[in-house]
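The values are calculated or read from the model by the stated rules, or taken from the named source; none is laboratory data. Predicted model, so just to flag it, every value in this text is computed and none were measured. A quick note on method: Cβ atoms are made from the backbone with ideal geometry, for glycine too, and the neighbour counts reach across all protein chains shown. Side chains included, ligands, DNA and RNA excluded: accessible areas come from the protein's heavy atoms. Shrake-Rupley method; radii C 1.70, N 1.55, O 1.52, S 1.80 Å.
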Amino acid sequence: MKQKVVVFSQIPPEIQAKLEQQYNVVYIQPKPGDVNQQILQHAQDADGMIGAGRLLNRNNLETATKLKIISSVSVGYDNYDLEYLNEKKIYLTHTPHVLTETTADLAFTLLMAAARKVTYLDQWTKQGQWQRTASETQFGVDIFGKTLGIIGLGHIGAAIARRGFHGFNMNVLYHNRREKLELAQGLNAEYCDLKSLLQRSDFVVVAVDLNADSKALVGAEELALMQRHAVFVNISRGSVVDEQALIQALKNRQIFAAGLDVYQKEPLQESELFKLDNVITLPHVGSATAQTRQRMAELAYHNLVDALQGRVPRYVVNPHFK
C-alpha cells in the first residue's frame, strides 16, 4: 500500500507528477471549506506533508498519528509549531541556500528603488506630472560609496553585503548575535552593535531569522537612531519590526524611505503603508522567480522522500530528536 502525502500549497506540476508516481497524494483545497478542517481530516493517516505558507501546529495536526515529516518549501519555518513536532518526533525540513542569491537580488532591488524613488516617480510620470525638470521633491539619495548596515549576516545577509561592497563600493557594517568572520571575509565588513549600526548606516537591511531574540528587534527607539536620509529595507519577517512605529517614522520623514517585502500580517491589506509615497510594498516575493521556486520544490521533494524511505533528510530543522 502506498504511503500518503498531503500537499498543502501549490507546488510545480513536475513535482506533483513525481509524488503521484510514488505516493497516494491528497491536495488541500484553499477555497472549498475550512482549510484547517481539511488538514485535520487528511493528516490523520498521512505519512508526509509538503508545502509552504500554512500555519501547522498542535491544533490542526492532532490527528496526525503516522506523520513522519513536514517538508517545507521555504527557508523560514516560523509558521510551524516546532515544539509540538519535536514532541511527536516529526521531522521538519526546509530549503536553505537555494534562494540566497535570488532573495539578495530582491533586497538590493528594494534598496535601489527606495533610494531613487522609483515607484513614486513612475506614478508621477504616468499621471502627467512631468511637465518640467524634476525638482527637489523628486530627488533621491546616492547609493555608491555609502554605508550599508546589515542586520543578520547569514548567507542572505552576506550576499546583500557582497552586492554593496563589490558593486557599489559601499562600506559594510553588520550586527549579529556573534561575529561571522567567515562570511564577512573579503568585504572589510565591520562587526558592531545594533545602536552603532543604525546611527552610522545610510542603508539598513534586515535579514535575520525570526526567533525569540529578533522578534520586535526594530521599534520606535531603534528607528529614531537612524539618519534622516537613511533607507530601511526588510526582507526577513514582518514581526522583526514594529510596523506602526515604522509607519510613523515614514509619515514624519524621520527616515527617507523604506522597501518592504514582509509584514506583521500577510497578505497585507488596507494598510496605512499604502497611503505613503516613501515606501515600496512588495507581496513577500523574495524567492519568487521560476528557477528558484523550482529548485526549492525539488529540494523539498528530496527531503520528503528521504524521510519516507527511512533516511535522515539533508536539511532538518530539528535534528536533535532520535
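So the values come out like this:
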| item | result |
| --- | --- |
| For the range 143-251, the fraction of alpha-carbon pairs in successive 10 Å shells from zero, as % | 16, 52, 29, 3 |
| Gain in span if fully extended, F144 to K89, counting 0.36 nm per residue against the direct Cα distance | 14.8 nm |
| The range 187-297 shape via C-alpha gyration tensor axes, a/c threshold 1.5 | oblate |
| Qualifying aspartates and glutamates (Cα of each under 14 Å from Cα of K265; at least 8 residues distant if same chain) | D78, D242, E243 |
| Karplus (6.51, -1.76, 1.60) ³J(HN,Hα), θ = phi - 60°, over the range 39-44, in Hz, Gly and Pro reported as x | 5, 4, 5, 7, 6, 5 |
| By average C-beta atoms within 10 angstrom, highest first, the peptides 185-198, 217-230, 262-275 | 217-230, 185-198, 262-275 |
| DSSP-defined beta bridges in the range 99-281 - what % are antiparallel, rounded to 5 | 0 percent |
| Residues whose placed amide H lies under 5 Å from that of G259, excluding near-sequence neighbours | F232, V233, N234, I280 |
| Degrees, to the nearest 10: 13-22 long Cα axis against longest axis of the chain | 20 degrees |
| Cβ-placed point charges (K, R +1; D, E -1), dipole of the chain about Cα centre in debye, nearest 20 | 360 debye |
| Surface accessible to a 1.4 Å probe, per residue, for the residues of the chain, Å² | 51 Å² |
| Length added when fully stretched, M1-Q22, from 0.36 nm per residue minus Cα-Cα | 6.5 nm |
| Correct option for semi-axes √(5λ) of the Cα gyration tensor in Å [calculated from the coordinates] among (i) 35, 27, 18; (ii) 29, 24, 21; (iii) 39, 22, 18 | (iii) |
| Degrees, to the nearest 10: 100-115 long Cα axis against longest axis of the chain | 30 degrees |
| Amide H contacts of V25 (H built 1.01 Å from N, under 5 Å, at least 5 apart or other chain) | V5 |
| Length gained when the stretch L82-T125 is fully extended (0.36 nm per residue, less Cα-Cα span) | 10.6 nm |
| Backbone HN-Hα couplings from phi across the range 56-71 [Karplus 6.51/-1.76/1.60, Hz, Gly and Pro as x] | 10, 8, 3, 5, 9, 10, 5, 8, 7, 7, 9, 5, 9, 8, 10, 9 |
| FRET efficiency, Q264 to Q41 (Cβ-Cβ, R0 45 Å, nearest 0.05) | 0.90 |
| Pairwise centroid distance, computed over Cα atoms, of the range 25-64 with the range 115-131, Å | 45 Å |
| Extent along principal axes [Cα atoms of the range 99-281; Å; largest to smallest] | 51, 34, 31 |
| Förster radius 30 Å - calculated FRET efficiency between E179 and K215 (Cβ-Cβ, nearest 0.05) | 0.85 |
